[in-house]
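Structure, as C-alpha coordinates:
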Amino acid sequence: MAIRYPRWLSGLVPLVAVLVALVVAFVARTRVETGQLTTTDLEVFWVSGKAVWSGRDPYLFWLPGAHLSLTYPPFAGLLLAPLSLLSLSALRIVWFTGVLVALQAIVWLATGWVGVRRTRLRLLLCLLAPVSVFLIDPLWQELWSGQVNVFVALLVLADLCRRNGARGRGIGIGLAAGIKLTPALFIVYLALTRRFREALTALAAFAATVAAGFLLMPTQAWQYWTHWAWDVQRIYAQPGIVFNQSLRGAVARLLHHDAVLPWALTIAVVVVAGLAVCVGLYRRGMDREGAVLCGVVALLVSPVSWVYHWVWLVPVLIVLVAGAIRTRSPGWIAAAVVTAAVALTHPYTWVGGFSATPSGLFGGYRGWWPSWTGFGASPSGLFAQLAGDSLVLVGLLLLAGGAVLALSRRDEPPALPLRIKEGAVLRSG
(Lines give C-alpha, C1' and ligand atoms only; values in the text may rest on other atoms or scores of the structure.)
Protein backbone atom coordinates (compact mmCIF):
# COMPACT_ATOMS: atom_id res chain seq x y z
CA MET A 1 0.00 0.00 0.00
CA ALA A 2 1.41 3.35 -1.02
CA ILE A 3 2.14 5.81 1.76
CA ARG A 4 0.34 9.10 1.40
CA TYR A 5 2.14 12.17 2.63
CA PRO A 6 0.30 15.31 3.72
CA ARG A 7 0.38 18.18 1.27
CA TRP A 8 2.17 20.49 3.67
CA LEU A 9 5.07 18.00 3.82
CA SER A 10 5.35 17.99 0.02
CA GLY A 11 5.39 21.76 0.10
CA LEU A 12 8.52 21.66 2.26
CA VAL A 13 10.52 19.88 -0.41
CA PRO A 14 11.40 23.03 -2.42
CA LEU A 15 12.32 24.81 0.80
CA VAL A 16 14.62 21.97 1.84
CA ALA A 17 16.21 21.98 -1.63
CA VAL A 18 16.92 25.72 -1.39
CA LEU A 19 18.32 25.33 2.14
CA VAL A 20 20.64 22.56 0.97
CA ALA A 21 21.77 24.75 -1.93
CA LEU A 22 22.34 27.67 0.46
CA VAL A 23 24.47 25.58 2.83
CA VAL A 24 26.57 24.23 -0.03
CA ALA A 25 26.88 27.78 -1.42
CA PHE A 26 28.40 28.98 1.86
CA VAL A 27 30.77 25.99 1.95
CA ALA A 28 31.78 26.61 -1.66
CA ARG A 29 32.36 30.28 -0.95
CA THR A 30 34.81 29.38 1.82
CA ARG A 31 36.64 27.11 -0.60
CA VAL A 32 36.91 29.79 -3.30
CA GLU A 33 39.92 31.78 -2.25
CA THR A 34 39.88 35.48 -2.89
CA GLY A 35 42.27 36.53 -5.62
CA GLN A 36 42.68 38.28 -8.95
CA LEU A 37 40.52 35.81 -10.87
CA THR A 38 37.96 34.77 -8.23
CA THR A 39 34.39 35.05 -9.61
CA THR A 40 35.78 37.32 -12.32
CA ASP A 41 32.87 36.74 -14.68
CA LEU A 42 30.38 37.54 -11.95
CA GLU A 43 32.24 40.79 -11.31
CA VAL A 44 32.01 41.56 -15.04
CA PHE A 45 28.25 40.99 -14.86
CA TRP A 46 28.10 43.23 -11.79
CA VAL A 47 29.95 46.16 -13.33
CA SER A 48 28.05 45.67 -16.61
CA GLY A 49 24.83 45.99 -14.63
CA LYS A 50 26.07 49.26 -13.20
CA ALA A 51 26.83 50.48 -16.72
CA VAL A 52 23.33 49.56 -17.93
CA TRP A 53 21.68 51.34 -14.98
CA SER A 54 23.75 54.47 -15.55
CA GLY A 55 23.16 54.52 -19.31
CA ARG A 56 26.76 53.76 -20.21
CA ASP A 57 27.92 51.19 -22.75
CA PRO A 58 28.51 47.84 -20.97
CA TYR A 59 30.65 46.68 -23.90
CA LEU A 60 33.10 49.49 -23.22
CA PHE A 61 32.87 49.42 -19.42
CA TRP A 62 35.91 47.44 -18.37
CA LEU A 63 36.37 45.54 -15.12
CA PRO A 64 38.96 47.43 -13.04
CA GLY A 65 42.31 45.67 -13.10
CA ALA A 66 41.43 43.46 -16.08
CA HIS A 67 40.65 44.08 -19.74
CA LEU A 68 37.25 42.38 -19.49
CA SER A 69 33.76 43.59 -20.32
CA LEU A 70 30.40 42.15 -21.33
CA THR A 71 30.54 39.79 -24.34
CA TYR A 72 26.92 38.53 -24.29
CA PRO A 73 23.98 39.98 -26.28
CA PRO A 74 22.24 43.13 -24.97
CA PHE A 75 19.34 41.06 -23.60
CA ALA A 76 21.78 39.40 -21.22
CA GLY A 77 23.00 42.82 -20.12
CA LEU A 78 19.41 43.83 -19.30
CA LEU A 79 18.89 40.67 -17.24
CA LEU A 80 22.16 41.24 -15.40
CA ALA A 81 21.41 44.88 -14.54
CA PRO A 82 19.60 44.13 -11.23
CA LEU A 83 22.71 42.31 -9.96
CA SER A 84 24.43 45.65 -9.46
CA LEU A 85 21.88 46.54 -6.75
CA LEU A 86 23.55 44.02 -4.41
CA SER A 87 26.97 44.24 -2.86
CA LEU A 88 29.50 41.94 -4.48
CA SER A 89 29.82 39.85 -1.30
CA ALA A 90 26.06 39.31 -1.07
CA LEU A 91 25.84 38.69 -4.80
CA ARG A 92 28.33 35.83 -4.62
CA ILE A 93 26.19 33.91 -2.12
CA VAL A 94 22.96 34.68 -3.99
CA TRP A 95 24.53 33.65 -7.29
CA PHE A 96 26.06 30.46 -5.92
CA THR A 97 22.73 29.49 -4.38
CA GLY A 98 20.90 30.21 -7.63
CA VAL A 99 23.38 28.10 -9.63
CA LEU A 100 22.91 25.18 -7.23
CA VAL A 101 19.11 25.43 -7.27
CA ALA A 102 19.24 25.50 -11.08
CA LEU A 103 21.45 22.40 -10.98
CA GLN A 104 18.87 20.65 -8.80
CA ALA A 105 16.18 21.59 -11.31
CA ILE A 106 18.28 20.16 -14.16
CA VAL A 107 18.66 16.86 -12.32
CA TRP A 108 14.93 16.74 -11.56
CA LEU A 109 13.96 17.41 -15.17
CA ALA A 110 16.58 15.15 -16.74
CA THR A 111 15.86 12.16 -14.52
CA GLY A 112 12.16 12.42 -15.34
CA TRP A 113 13.07 12.89 -19.01
CA VAL A 114 14.93 9.58 -19.19
CA GLY A 115 12.16 7.67 -17.45
CA VAL A 116 12.91 7.63 -13.72
CA ARG A 117 9.48 7.47 -12.10
CA ARG A 118 10.40 6.92 -8.45
CA THR A 119 9.80 10.35 -6.96
CA ARG A 120 11.83 9.70 -3.83
CA LEU A 121 14.84 8.62 -5.89
CA ARG A 122 14.61 11.75 -8.02
CA LEU A 123 14.30 13.94 -4.92
CA LEU A 124 17.32 12.26 -3.34
CA LEU A 125 19.38 12.85 -6.47
CA CYS A 126 18.28 16.49 -6.50
CA LEU A 127 19.27 17.00 -2.88
CA LEU A 128 22.67 15.42 -3.53
CA ALA A 129 23.23 17.35 -6.75
CA PRO A 130 24.77 20.48 -5.14
CA VAL A 131 27.58 18.39 -3.64
CA SER A 132 28.60 17.34 -7.16
CA VAL A 133 30.08 20.80 -7.74
CA PHE A 134 33.03 19.72 -5.61
CA LEU A 135 33.57 16.67 -7.81
CA ILE A 136 32.68 17.64 -11.40
CA ASP A 137 35.24 20.16 -12.60
CA PRO A 138 33.07 22.11 -15.11
CA LEU A 139 30.53 22.66 -12.33
CA TRP A 140 33.22 23.83 -9.92
CA GLN A 141 34.60 26.20 -12.51
CA GLU A 142 31.06 27.52 -13.03
CA LEU A 143 30.95 28.54 -9.37
CA TRP A 144 34.54 29.68 -9.19
CA SER A 145 34.10 31.94 -12.22
CA GLY A 146 30.55 33.05 -11.39
CA GLN A 147 29.08 32.00 -14.74
CA VAL A 148 25.58 31.66 -16.26
CA ASN A 149 25.85 28.32 -18.07
CA VAL A 150 23.76 26.29 -15.61
CA PHE A 151 20.90 28.77 -16.01
CA VAL A 152 21.20 28.60 -19.80
CA ALA A 153 21.26 24.79 -19.73
CA LEU A 154 18.15 24.80 -17.55
CA LEU A 155 16.25 26.98 -20.03
CA VAL A 156 17.15 24.64 -22.89
CA LEU A 157 16.44 21.45 -20.96
CA ALA A 158 13.09 22.75 -19.69
CA ASP A 159 12.02 23.04 -23.33
CA LEU A 160 13.48 19.73 -24.46
CA CYS A 161 11.75 17.80 -21.68
CA ARG A 162 8.31 18.89 -22.82
CA ARG A 163 6.33 16.77 -25.25
CA ASN A 164 6.48 17.52 -28.96
CA GLY A 165 3.90 20.08 -29.99
CA ALA A 166 3.35 21.42 -26.46
CA ARG A 167 2.16 25.02 -26.40
CA GLY A 168 5.04 27.44 -25.98
CA ARG A 169 7.70 24.78 -26.47
CA GLY A 170 10.76 26.57 -27.83
CA ILE A 171 10.49 29.73 -25.74
CA GLY A 172 13.20 28.55 -23.35
CA ILE A 173 15.59 27.79 -26.20
CA GLY A 174 14.93 31.20 -27.77
CA LEU A 175 15.56 32.97 -24.47
CA ALA A 176 18.74 30.94 -23.93
CA ALA A 177 19.96 31.98 -27.39
CA GLY A 178 19.22 35.59 -26.45
CA ILE A 179 21.52 35.23 -23.44
CA LYS A 180 24.29 33.22 -25.12
CA LEU A 181 24.22 32.68 -28.87
CA THR A 182 25.32 29.02 -28.99
CA PRO A 183 21.91 27.55 -27.94
CA ALA A 184 20.59 28.84 -31.28
CA LEU A 185 21.85 25.56 -32.74
CA PHE A 186 18.89 23.87 -31.04
CA ILE A 187 16.59 25.96 -33.26
CA VAL A 188 18.29 24.42 -36.29
CA TYR A 189 17.91 20.97 -34.70
CA LEU A 190 14.18 21.50 -34.19
CA ALA A 191 13.77 22.64 -37.79
CA LEU A 192 15.76 19.71 -39.21
CA THR A 193 13.60 17.28 -37.23
CA ARG A 194 10.52 18.91 -38.78
CA ARG A 195 9.24 20.39 -35.53
CA PHE A 196 8.61 23.64 -37.29
CA ARG A 197 6.20 25.14 -34.77
CA GLU A 198 8.71 24.72 -31.93
CA ALA A 199 11.50 26.08 -34.13
CA LEU A 200 9.44 29.12 -35.09
CA THR A 201 8.47 29.68 -31.46
CA ALA A 202 12.13 29.56 -30.43
CA LEU A 203 13.06 31.90 -33.28
CA ALA A 204 10.31 34.33 -32.25
CA ALA A 205 11.48 34.26 -28.62
CA PHE A 206 15.05 34.94 -29.74
CA ALA A 207 13.83 37.79 -31.97
CA ALA A 208 11.98 39.23 -28.97
CA THR A 209 15.23 39.29 -26.96
CA VAL A 210 16.95 41.13 -29.83
CA ALA A 211 14.06 43.59 -30.04
CA ALA A 212 14.19 44.19 -26.27
CA GLY A 213 17.86 45.06 -26.59
CA PHE A 214 17.22 47.55 -29.39
CA LEU A 215 14.28 49.05 -27.50
CA LEU A 216 16.11 49.66 -24.23
CA MET A 217 19.76 49.90 -25.41
CA PRO A 218 19.53 50.97 -29.08
CA THR A 219 23.07 52.27 -29.56
CA GLN A 220 24.72 49.43 -27.70
CA ALA A 221 22.53 46.84 -29.43
CA TRP A 222 23.42 48.19 -32.87
CA GLN A 223 27.11 48.13 -32.00
CA TYR A 224 26.86 44.59 -30.66
CA TRP A 225 24.99 43.04 -33.60
CA THR A 226 27.02 44.85 -36.24
CA HIS A 227 30.44 44.46 -34.64
CA TRP A 228 30.99 42.77 -31.28
CA ALA A 229 28.95 39.61 -32.06
CA TRP A 230 31.30 38.79 -34.95
CA ASP A 231 34.57 39.64 -33.23
CA VAL A 232 35.79 36.26 -31.95
CA GLN A 233 38.99 37.86 -30.67
CA ARG A 234 37.04 40.01 -28.22
CA ILE A 235 36.36 37.09 -25.88
CA TYR A 236 40.01 36.15 -25.69
CA ALA A 237 42.75 36.74 -28.24
CA GLN A 238 44.63 33.45 -27.65
CA PRO A 239 42.17 30.59 -28.26
CA GLY A 240 44.85 27.91 -27.86
CA ILE A 241 44.91 28.02 -24.07
CA VAL A 242 43.88 24.67 -22.61
CA PHE A 243 40.92 26.17 -20.79
CA ASN A 244 39.25 26.59 -24.20
CA GLN A 245 37.76 23.16 -24.89
CA SER A 246 36.39 23.84 -28.38
CA LEU A 247 37.54 22.67 -31.80
CA ARG A 248 39.07 26.08 -32.42
CA GLY A 249 41.14 25.69 -29.27
CA ALA A 250 42.15 22.13 -30.20
CA VAL A 251 43.26 23.18 -33.71
CA ALA A 252 45.17 26.16 -32.31
CA ARG A 253 46.95 23.92 -29.79
CA LEU A 254 47.81 21.36 -32.48
CA LEU A 255 49.20 23.96 -34.91
CA HIS A 256 50.52 26.30 -32.18
CA HIS A 257 48.65 29.28 -33.63
CA ASP A 258 45.10 30.35 -34.40
CA ALA A 259 44.66 28.91 -37.89
CA VAL A 260 41.36 30.24 -39.21
CA LEU A 261 41.01 28.11 -42.34
CA PRO A 262 41.69 24.70 -40.73
CA TRP A 263 39.37 25.65 -37.87
CA ALA A 264 36.61 26.77 -40.26
CA LEU A 265 36.87 23.55 -42.29
CA THR A 266 36.84 21.45 -39.13
CA ILE A 267 33.73 23.04 -37.67
CA ALA A 268 31.96 22.88 -41.03
CA VAL A 269 32.46 19.12 -41.10
CA VAL A 270 31.53 18.66 -37.44
CA VAL A 271 28.41 20.82 -37.51
CA VAL A 272 27.06 19.11 -40.63
CA ALA A 273 27.97 15.59 -39.52
CA GLY A 274 26.93 16.29 -35.92
CA LEU A 275 23.50 17.61 -36.83
CA ALA A 276 23.04 14.67 -39.22
CA VAL A 277 23.73 12.31 -36.30
CA CYS A 278 21.30 14.19 -34.05
CA VAL A 279 18.58 14.06 -36.69
CA GLY A 280 19.30 10.38 -37.33
CA LEU A 281 18.90 9.60 -33.64
CA TYR A 282 15.61 11.50 -33.53
CA ARG A 283 14.31 9.48 -36.46
CA ARG A 284 15.28 6.30 -34.60
CA GLY A 285 13.05 7.39 -31.73
CA MET A 286 16.01 8.58 -29.65
CA ASP A 287 15.24 12.27 -29.29
CA ARG A 288 16.89 12.52 -25.88
CA GLU A 289 20.21 11.28 -27.21
CA GLY A 290 19.89 13.50 -30.27
CA ALA A 291 19.04 16.55 -28.17
CA VAL A 292 21.93 16.22 -25.72
CA LEU A 293 24.33 15.56 -28.60
CA CYS A 294 23.12 18.78 -30.22
CA GLY A 295 24.38 20.58 -27.12
CA VAL A 296 27.73 18.82 -27.49
CA VAL A 297 27.96 19.92 -31.14
CA ALA A 298 27.29 23.51 -30.05
CA LEU A 299 30.16 23.31 -27.56
CA LEU A 300 32.53 21.86 -30.13
CA VAL A 301 31.87 24.39 -32.89
CA SER A 302 31.68 27.49 -30.70
CA PRO A 303 34.77 29.71 -31.11
CA VAL A 304 35.30 29.56 -27.36
CA SER A 305 34.00 26.86 -25.02
CA TRP A 306 35.60 27.42 -21.66
CA VAL A 307 35.63 24.43 -19.31
CA TYR A 308 32.60 25.74 -17.40
CA HIS A 309 30.56 25.76 -20.62
CA TRP A 310 30.73 21.97 -20.40
CA VAL A 311 28.24 21.89 -17.51
CA TRP A 312 26.02 20.51 -20.30
CA LEU A 313 27.67 17.19 -19.41
CA VAL A 314 25.23 16.89 -16.49
CA PRO A 315 22.18 16.05 -18.68
CA VAL A 316 24.51 14.13 -21.03
CA LEU A 317 25.66 11.91 -18.15
CA ILE A 318 22.09 11.32 -16.98
CA VAL A 319 21.10 10.17 -20.48
CA LEU A 320 24.21 7.96 -20.70
CA VAL A 321 23.63 6.35 -17.31
CA ALA A 322 19.99 5.70 -18.20
CA GLY A 323 21.08 4.03 -21.43
CA ALA A 324 23.70 1.96 -19.61
CA ILE A 325 21.14 0.76 -17.05
CA ARG A 326 18.62 -0.11 -19.71
CA THR A 327 20.87 -1.86 -22.20
CA ARG A 328 23.74 -3.06 -19.99
CA SER A 329 25.72 -2.58 -23.16
CA PRO A 330 29.52 -2.24 -22.89
CA GLY A 331 29.34 0.70 -25.29
CA TRP A 332 26.85 2.65 -23.19
CA ILE A 333 28.72 1.82 -19.98
CA ALA A 334 32.06 2.85 -21.49
CA ALA A 335 30.60 6.14 -22.74
CA ALA A 336 29.20 6.95 -19.30
CA VAL A 337 32.41 5.98 -17.50
CA VAL A 338 34.76 7.88 -19.83
CA THR A 339 32.60 11.02 -19.81
CA ALA A 340 32.34 10.99 -16.01
CA ALA A 341 36.04 10.23 -15.61
CA VAL A 342 37.14 13.23 -17.70
CA ALA A 343 34.77 15.55 -15.82
CA LEU A 344 36.03 14.22 -12.48
CA THR A 345 39.76 14.03 -13.16
CA HIS A 346 40.00 17.05 -15.52
CA PRO A 347 43.11 15.88 -17.46
CA TYR A 348 43.10 19.15 -19.42
CA THR A 349 44.74 20.64 -16.33
CA TRP A 350 47.60 18.15 -16.25
CA VAL A 351 49.56 19.94 -18.97
CA GLY A 352 51.68 23.05 -18.47
CA GLY A 353 50.56 26.65 -18.32
CA PHE A 354 48.18 26.26 -15.40
CA SER A 355 48.38 27.32 -11.80
CA ALA A 356 46.48 25.46 -9.11
CA THR A 357 43.79 27.08 -7.03
CA PRO A 358 43.06 25.12 -3.82
CA SER A 359 39.38 24.31 -3.65
CA GLY A 360 36.94 21.46 -3.36
CA LEU A 361 35.20 19.90 -0.40
CA PHE A 362 38.16 17.93 0.89
CA GLY A 363 40.93 20.38 0.07
CA GLY A 364 43.69 19.69 -2.42
CA TYR A 365 43.75 21.07 -5.93
CA ARG A 366 40.29 20.60 -7.40
CA GLY A 367 39.90 23.89 -9.22
CA TRP A 368 42.41 25.06 -11.80
CA TRP A 369 42.81 28.20 -13.88
CA PRO A 370 45.33 29.33 -16.49
CA SER A 371 48.10 31.39 -14.93
CA TRP A 372 48.77 34.81 -16.39
CA THR A 373 52.23 33.67 -17.48
CA GLY A 374 50.92 30.51 -19.17
CA PHE A 375 48.01 31.83 -21.24
CA GLY A 376 49.82 31.38 -24.53
CA ALA A 377 51.33 27.97 -23.74
CA SER A 378 50.55 25.09 -26.11
CA PRO A 379 50.86 21.41 -25.14
CA SER A 380 53.87 19.59 -26.58
CA GLY A 381 53.96 15.85 -27.09
CA LEU A 382 51.19 13.33 -27.77
CA PHE A 383 50.11 12.86 -24.15
CA ALA A 384 49.92 16.59 -23.51
CA GLN A 385 47.89 17.11 -26.68
CA LEU A 386 45.43 14.34 -25.76
CA ALA A 387 45.12 15.55 -22.19
CA GLY A 388 44.78 19.17 -23.28
CA ASP A 389 41.94 18.27 -25.63
CA SER A 390 40.20 15.80 -23.29
CA LEU A 391 36.74 17.41 -23.27
CA VAL A 392 36.90 17.96 -27.04
CA LEU A 393 37.80 14.30 -27.50
CA VAL A 394 34.94 13.22 -25.26
CA GLY A 395 32.57 15.30 -27.39
CA LEU A 396 33.87 13.72 -30.59
CA LEU A 397 33.65 10.22 -29.10
CA LEU A 398 30.05 10.86 -28.07
CA LEU A 399 29.25 11.97 -31.61
CA ALA A 400 30.91 8.82 -32.98
CA GLY A 401 28.84 6.70 -30.61
CA GLY A 402 25.72 8.57 -31.67
CA ALA A 403 26.57 7.88 -35.30
CA VAL A 404 26.82 4.15 -34.56
CA LEU A 405 23.39 4.23 -32.92
CA ALA A 406 21.86 6.28 -35.73
CA LEU A 407 23.22 3.91 -38.39
CA SER A 408 22.39 0.69 -36.55
CA ARG A 409 19.72 -1.68 -37.81
CA ARG A 410 16.28 -0.12 -38.02
CA ASP A 411 14.53 -3.10 -36.49
CA GLU A 412 16.35 -2.68 -33.20
CA PRO A 413 14.24 -1.15 -30.41
CA PRO A 414 14.99 2.48 -29.66
CA ALA A 415 16.92 3.26 -26.50
CA LEU A 416 14.16 5.50 -25.18
CA PRO A 417 11.30 5.53 -24.24
CA LEU A 418 11.78 2.47 -22.06
CA ARG A 419 9.57 -0.48 -21.32
CA ILE A 420 10.73 -2.78 -18.57
CA LYS A 421 9.18 -4.51 -15.62
CA GLU A 422 7.14 -2.70 -13.03
CA GLY A 423 9.27 -1.74 -10.03
CA ALA A 424 12.45 -1.18 -12.02
CA VAL A 425 14.13 2.19 -11.75
CA LEU A 426 13.35 3.11 -15.36
CA ARG A 427 9.88 2.70 -16.80
CA SER A 428 8.08 3.69 -19.95
CA GLY A 429 7.57 7.44 -20.17
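With every protein chain present, what is the per residue accessible area of the stretch 157-238 (1.4 Å probe, Å²)?
Numbers: 4090 Å² over 82 residues.
Computed with neighbouring chains in place, this is 50 Å² per residue.
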- Order the peptides 336-342, 267-273, 74-80 from the highest to the lowest mean number of other Cβ atoms within 10 Å of their residues. 74-80, 336-342, 267-273
- Note on the structure: Taking the alpha-carbon centre of each part, the distance from the stretch 144-176 to the stretch 121-141 in Å is 19
- Item | Ranked packing of 255-264, 283-292, 312-321, most packed first, by mean Cβ within 10 Å | 312-321, 283-292, 255-264
- Message: Taking a cut-off of 18 Å, what percent of all Cα-Cα pairs in the stretch 127-286 are separated by more than that?
- Response: 70
- Task: Calculate one ³J(HN,Hα) per residue across the stretch 220-232 by plugging θ = phi - 60° into the Karplus curve 6.51 cos²θ - 1.76 cosθ + 1.60, and present them in order as whole Hz with x for glycine and proline.
- Result: 5, 5, 4, 5, 5, 6, 9, 9, 4, 5, 9, 9, 5
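Semi-axes of the equivalent ellipsoid of the stretch 291-347: what are they in whole Å, largest first, if each equals the square root of 5 times a C-alpha gyration tensor eigenvalue?
Calculated on Cα positions only, the semi-axes equal 22, 13, 8 Å.
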- Along each of the three principal axes of the Cα atoms of the stretch 166-227, give the extent in whole Å, ordering the values from largest to smallest. 36, 21, 14
- Note on the structure: Between residue 70 and residues 5 or more places away or on another chain, the pairs with built amide H atoms under 5 Å apart involve 61
- Query: Taking the mean number of other Cβ atoms within 10 Å as a proxy for protection, how do you rank 173-183, 204-214 from highest to lowest?
  - Reply: 173-183, 204-214
- Query: Percent of accessible area on the stretch 239-358 owned by carbon and sulfur, 1.4 Å probe?
  - Reply: 74
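Taking a ≥ b ≥ c as the square roots of the Cα gyration tensor eigenvalues, with a/c under 1.5 meaning rounded and otherwise prolate when a/b beats b/c, else oblate, which class fits the stretch 108-210? Write down the numbers at each step before the final one.
Numbers: a/c = 2.83, a/b = 1.38, b/c = 2.04.
It comes out oblate by the Cα gyration axes.
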- Amide H neighbours of residue 117 under 5 Å, counting only residues 5+ apart in sequence or on other chains, H built in-plane at 1.01 Å? 427
- Item | ³J(HN,Hα) computed for each position of the stretch 147-161 - Karplus, 6.51 cos²θ - 1.76 cosθ + 1.60, integer Hz, glycine/proline x | 9, 10, 5, 5, 5, 5, 4, 5, 4, 5, 5, 4, 6, 5, 6
- Counting only residues 5 or more places away or on other chains, whose amide H sits under 5 Å from the amide H of residue 306 once H atoms are built in the peptide plane? 245
- Quick one: check the C-alpha center-to-center distance for the stretch 306-327 versus the stretch 184-214, whole angstrom. 24
- ³J(HN,Hα) across the stretch 292-299 via Karplus (A = 6.51, B = -1.76, C = 1.60, θ = phi - 60°), whole Hz, x for Gly/Pro? 5, 5, 4, x, 5, 4, 4, 5
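The values are calculated or read from the model by the stated rules, or taken from the named source; none is laboratory data. If you're wondering where the values come from, they're calculated on a predicted model, not measured in any experiment. Counting neighbours? That spans all protein chains shown, and the Cβs are built from the backbone with ideal geometry, glycine included. Keep in mind that these areas ignore ligands, DNA and RNA; they rest on the heavy atoms of the full protein, side chains included. Shrake-Rupley method; radii C 1.70, N 1.55, O 1.52, S 1.80 Å.
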